[in-house]
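Heads up: the structure comes next, in C-alpha cells.
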Amino acid sequence: MEYAWEPTPEYIEEANVTRLLRAHGIGRLDELRRRSVAEPEWFWNAVVEDLGIPFARPYRRVLDAAGGIQWTRWFVDGQVNIAAACVDRWAADPAHADRPALIGESEDGTVQTLTYAELRARVDRLARALRSAGIGPGDVAGVFMPMVPEAVVAAYAIAKIGAVYLPIFSGFAAGAVASRLRDAGARILLTADGTLRRGAQVPMKPTCDEALAGCPEVERVVVLERLGIPVALRPGRDVTWGEFVAGHDDSPAQAAATGSEDIFMVAYTSGTTGRPKGAVHVHGGFLVKIASEVAYALDLQPDGVFYWVTDMGWIMGPLSMVGAHALGATMVMYEGALDHPSPDRVWASVERHRVTMLGVSPTLIRSLKPHGDDLVRRHSRASLRVIGSTGEPWNPEPYEWLARTAGDGRLPIINISGGTEVGACFLAPYPVEPIRSCSLGGPCLGMDVDVFDAAGNPVRGEVGELVCKSAWPAMTRGIWGDPERYLASYWSTYPGVWRHGDWAKVEADGQWFLYGRSDEAINLAGKRLGPAEVESILVGHPAVAEAAAIGVPDPVKGEALWAFWVPDDPDAGDCSPELVELVAAALGRPFKPSRVVRVPALPKTRSAKILRRALRAVATGADPGDLSTAENPESLDAVRAALDPP
C-alpha cells in the first residue's frame, strides 16, 4: 500500500504555516499559495513580519522589477546583515543567548556545542582579525574547510564585515578549488590542516598549496589546526587560525551596514565540466526566502534541532546555517563518513542530539536501506518531527521504507526541489496537507511555477519542463562575472520565464513529481524518457538496491537505453535479463533497454547524487572529465570491467 501523509489536527495546530494562515484570516493552504503568487509584495512582507526578521533600516518597497524580471531587486533600500540577523539578535537576548546554536559532531565521536553567545564571540573575534588583515566590503573570502563549527564561524564573520562568502566543497581536488578561487577573484582563503574520513586523517593543506600555485591573487591563507598535524606554512602568506585571531577580543562587534542587495555569497554549482558557474546571492533575499522555507515547509520550531546531511560547500550547507539560525534554532553538522564506523551513524546522531528535522538524499537512503531495519530501530527517533529530502527524484520503495522505518509512519517527508541558482526551492509539500509517496506537493509559497511543453504551453498529466513565471527573493543575481551566461542559461528558452532544466509532471490530484534533469533526458526514436522513470522500475525489483539509466548514441534510434544496477545481495545471481523485460513491460516495448548491467557500485558525488554523466562517458569510451566531486571514482573501473568482461 502506498504511503501517504495525512496530517493530524494536533500537527496542524502546531505548524508554523498555520500561524501565518491565521494571522491573515486565510483558511486553506491552497488559498495562501494562490494569494502569495498574486500578491508577492503582500506575501513577502508578511513573511518578514511573521518571522521577525530584523532589518536595520526598513525597506522602502518589497520589490522593484523595473530592470526586467531577470534583474528584480528585493527589499529595496533596506539594510540587513545575515550575521546580525542570524547570530547577534539571539546572542543579545538574555532568554536566548545560552541556547545551543551549533552542534558539531565528528566521526571519532567528539562533539562540540556552541551557544548563541559563544558563536557570536567567535564570529566577532574572527571578523576583527579579517578587518585587520585588510579584508572589507566586497572582497571575496574562500572557505575550504571540513564540516566543523569553524566553517560556520568563518561564513558569518565574512558576512558580518560585508565581504563575500565563497564556500568550497571540502572534498574537492586542487583543480576544482583553484578554478573557483580564480573565477571569484578571492583575496583570502580559510582552510584546515586536514579532516577525518573513515577513521583516517585526510590532509587538506597540501591540496590548498597545489591549488594556490595558480591563484596569485590569494594574499592570505588561514589554516585551522583541526588535526594538529604538521603543515608547511609559506612565510608572508600562511598563518594558523590561532595566530590569526590572537590579540583580537570577542566583545560584540558592529555588523557592516549591508544593503538588502549587497552580495552575501557566491555559490558554485556542482557541475564538473566547463568554467564553474557562480550563483550570486544577497543578504536580504537569501535570508528571507531561506527562513520562510525552513519555517513553513520544513516546519522548524525555535526550539528545534536541524540536521541536514550535507557539506558547507553545497547550497544545503548555507541553507542549513541561515535557515536554522534565522529562526533561533540549533544546527547540527557532521564531519566524516556517514557509514563509519557503522551504517547506523545517521540514526545514532538523531538520537544523540534529539534532532527534530533530518534532511537526507534519496541516494543516501537507498544506500542505507540494505543494512536493514534493525540498525534504524535500535536508536530512538522520537524527537523527529519532519524528514526533509532533496537532490534527485525518489522511487517508491526507499521512500516508503524511510517513512515507515525511520519515521514510524508518523512523519511527513518534505521533499523539496530547488537548486544553487534558485537559492531555495521551487517545489515543496507542507506538513499541514496530504502528501503522496514521492511527491513534491506543489509550488512553494510565493513561487509561480508551472510545467511547460516545448512550445511554452502549460501542461498537466504529462512530463514537461519545470519553469517559474515570476521572480523570487533568493534567485541568483546573475552568474558571477558573466551576466550574459546567466540570461542564456535560464531565460532564453521561454521569454520572461525561468527554465530550470528539470522534468516535472502535475498529476490529476494536483500533486507534483520530478523525473530528473531535462538535459539528462533519453531520446529513444523521438520519444523522450527521464532516467528516474526507468530507475524507479528497476529498484522496485527485490534484488536491486540502486540503479541508474542513461542514453548512449545509437545509429538507428538516436539513443539507446542502458541501465546499471547494484545488487541488494552481492552474492546473489545476475538477474539483468529479467530486469530488461521488467522495464519493457512497465514502459512499453519501445522503451526496452538495449543493455542492463550489474555493477558493484554506482559513481556518486559526496552529496550522494549519481554521476550519470560519468557513466555515459564510460559507456561511450569518452573521458569522464573532472571527477573532483566524486565520492568513489574507482567505481568507474568496475563499470568498465562489467561492460567489457574478460
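Worth pointing out:
- Charged side chains reduced to their Cβ positions (Lys and Arg at +1, Asp and Glu at -1) give region 463-531 a dipole of some 80 debye around its Cα centre.
- Packing around the peptides 276-284, 571-579, 113-121, 17-25, taken as the average count of other Cβ atoms within 10 Å per residue, puts them in this order, highest first: 276-284, 113-121, 17-25, 571-579.
- Efficiency of FRET from Cβ geometry, R61 and A4, R₀ 45 Å, rounded to 0.05: 0.60
- Cα-centred dipole magnitude for the chain, charges only on beta-carbon of K, R (+1) and D, E (-1), debye, nearest 20: 940 debye
- Considered as an equivalent ellipsoid built on the Cα gyration tensor, the chain has semi-axes of 36, 30, 25 Å, the largest given first.
- The order of the peptides 418-426, 331-339, 548-556, 220-228 by mean Cβ neighbours within 10 Å, most packed first, is 418-426, 331-339, 220-228, 548-556.
- Normalised convex hull volume, region 105-263, alpha-carbon set, Å³ per residue: 114 Å³
- Each 5 Å bin from zero holds the following percent of Cα-Cα pairs in region 321-465: 2, 8, 16, 21, 20, 15, 8, 5, 3, 1, 0.
- Reach of K289 by Cα under 30 Å, taken over lysines that are not fewer than 8 positions away in the same chain: K160, K277, K469, K505, K604, K609
- Heavy-atom accessible surface of the chain: percent carbon and sulfur, 1.4 Å: 51 percent
- On the principal axes of its alpha-carbon atoms, region 71-167 has extents of 45, 33, 30 Å, going from largest to smallest.
- Share of Cα-Cα pairs in region 540-641 lying beyond 21 Å, as whole percent: 35 percent
- Rounded if a/c under 1.5, otherwise prolate or oblate - region 443-565, Cα gyration tensor axes: prolate
- The chain: antiparallel DSSP beta bridges as a percent of all, rounded to 5: 60 percent
- Per residue accessible area in Å² of the chain, where ligands, DNA and RNA are left out and the probe is 1.4 Å: 35 Å²
- Shape category assigned to region 110-203 from the gyration tensor of Cα positions, a/c cut at 1.5: oblate
- Beta bridge orientation in region 179-335: antiparallel %, DSSP, nearest 5: 45 percent
- Shape call, region 455-509: gyration tensor on alpha carbons, a/c limit 1.5: prolate
- Of all DSSP-defined beta bridges confined to region 177-264, some 35% are antiparallel rather than parallel.
- Measuring max minus min along each principal axis, the C-alpha atoms of region 192-339 give extents of 48, 42, 42 Å (largest first).
- The Cα atoms of region 409-461 define a convex hull whose projected area, averaged across directions, is 5.0 nm².
- Extension gain, A246 back to A382 (0.36 nm per residue minus Cα-Cα distance, nm): 44.7 nm
The values are calculated or read from the model by the stated rules, or taken from the named source; none is laboratory data. Just so it is clear, the structure is predicted and the values come from calculations on it, not from any experiment. Every residue, glycine as well, gets a Cβ built from its backbone with ideal geometry; the counts of neighbours run over all protein chains shown. Surface areas here come from the heavy atoms of the whole protein model, side chains and all, with no ligands, DNA or RNA. Shrake-Rupley method; radii C 1.70, N 1.55, O 1.52, S 1.80 Å.
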